[in-house]
Amino acid sequence: MKWTVVAAGPAKSRVLLGEQAPGVELLTPVYVPSFSSFGDPDHIRRSLAVLRSVKGAVPASASGFLFSAHDLAASARRGGVLDSQLEDLLKEWSLWWLDNGAFEQSSFGIPSWAEREFEGVVRRFKPPVVVASEYVAENVTPDSLADSLRFAVESAERLKGLATSIVVLLRPYPGSDLRALVQALDLPRILDQGDTVDALGVPEVSLGPTLDVRLSAVSRLRTELDRLAIPKGLHIFGASDLSCLTAYTLAGADIFDGVNWSRYWMDVTSPSFRDRSLWSPPLGAEGYSPENHDVHLAIHNIASVHGWMNSLRDLVLGRRDASADEQSIISRLNAVGSVGA
């Protein structure tokens, strides 16, 4: 993925143009809806219905999704009709992310998920973007975090040639002060080794316990990534709250993903997550029935979150003024930056 900085906006926000392949581009900030079998046993049917509904969406980033290698490996082993249809569809899909499956492994309590199994899924499905195997730091020291990131980069190097773009995950020891750790890391020494890594990811839960702490961590990550010779995206994993997406974007993050879009009604008027049974489609919605309520809601949520991100992008590009809530976040970021300095 070749990144070009298109514009810098309020606080540490910016718009990146990512060129993944000829004719396949994305503009940040961008939200990538994720599918996961954890909490959604019917995810194969749902993902097929959603993908078919958005096929041909423009731009390509509006039809980008994230799938778990663990789930696709299980789907390939089953080999059912729907499983085969999903595999065929993904092999022709222009832009999607393959996660390494660690989330499902930990959520389901699976004892092992070998890297060779993960690489087998990469070879079989040929995803455009892959999240390399992740390694959690063994303790709260900067050296331990640096070692774990180097292991992730080595995993990314083994995937080179199998995927066009590769993301590595930064996994601090639980409860660590990520901002202080990142400040002590030498990210250029670890990440500026050729063009293997295209983006650095971090789980939202690893950013810290409060919004101010999280903003401070994202801001520091952005500062350190800006020291790299080649621009790289900053991906926050597991982030779906619309207000947080705004805050993280203003702090310098570029890409987000999560599963809540398929579990709730994303009400952009509040903004909030609401019980999905409370959503109603527009009167006379074509093809709607109570049996396919969840699929119609999923499409509605995708359109809503992309609309939210488009408006946020307009803010960064200077096409509109900040709202009162956005200005409050900018002021908070400036205050966090002053304290950090």
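Brief remarks follow.
- Most mobile of VAL24, VAL168, VAL32 in a GNM of the chain (Cα contacts under 10 Å): VAL24
- Only one residue of ILE330, SER47, PRO142 has its Cα farthest out toward the positive end of the dipole of the chain, where Lys and Arg carry +1 and Asp and Glu -1 on Cβ, and that residue is ILE330.
- Taking amide H as placed 1.01 Å from N in the peptide plane, SER272 has its amide H under 5 Å from the amide H of ASP267, each at least 5 places away in sequence or on another chain.
- Ranked by how many other Cβ atoms sit within 10 Å of their own Cβ, fewest first, the residues ARG274, ARG313, ARG116 fall in the order ARG116, ARG274, ARG313.
- Dipole magnitude for the stretch 214-287: computed about the Cα centre from +1 point charges on Lys and Arg Cβ and -1 point charges on Asp and Glu Cβ, it is near 260 debye.
- Kyte-Doolittle at least -1.0, axis length at least 27 Å by Cα - qualifying DSSP helices, the chain: 293-316
- Magnitude of the charge dipole, the chain, Cβ model with Lys/Arg +1 and Asp/Glu -1, debye to 20: 380 debye
- Largest-first principal axis extents, alpha carbons of the stretch 100-178, Å: 37, 27, 16
- Mean silhouette area of the chain, derived from the convex hull of its C-alpha atoms and averaged over all directions, reads 17.0 nm².
- Order of GLU204, GLU19 under a 10 Å beta carbon neighbour criterion, fewest first: GLU19, GLU204
- In sequence order, calculated HN-Hα J values of the stretch 60-68 (Karplus, 6.51, -1.76, 1.60; Hz; x Gly/Pro): 4, 5, 6, 10, x, 9, 10, 10, 8
- Filter on LYS12/LYS232; LYS2/LYS91; LYS55/LYS160 - keep pairs with C-alpha separation over 18 Å: LYS2/LYS91; LYS55/LYS160
- Among SER219, SER75, SER106: highest mean-square fluctuation, GNM of the chain, C-alpha pairs under 10 Å: SER106
Only the coordinates and a few stated rules stand behind these numbers; no lab work does. Bear in mind the structure is a predicted one, so any value in this text is a computation, not a measurement. Every residue, glycine as well, gets a Cβ built from its backbone with ideal geometry; the counts of neighbours run over all protein chains shown.
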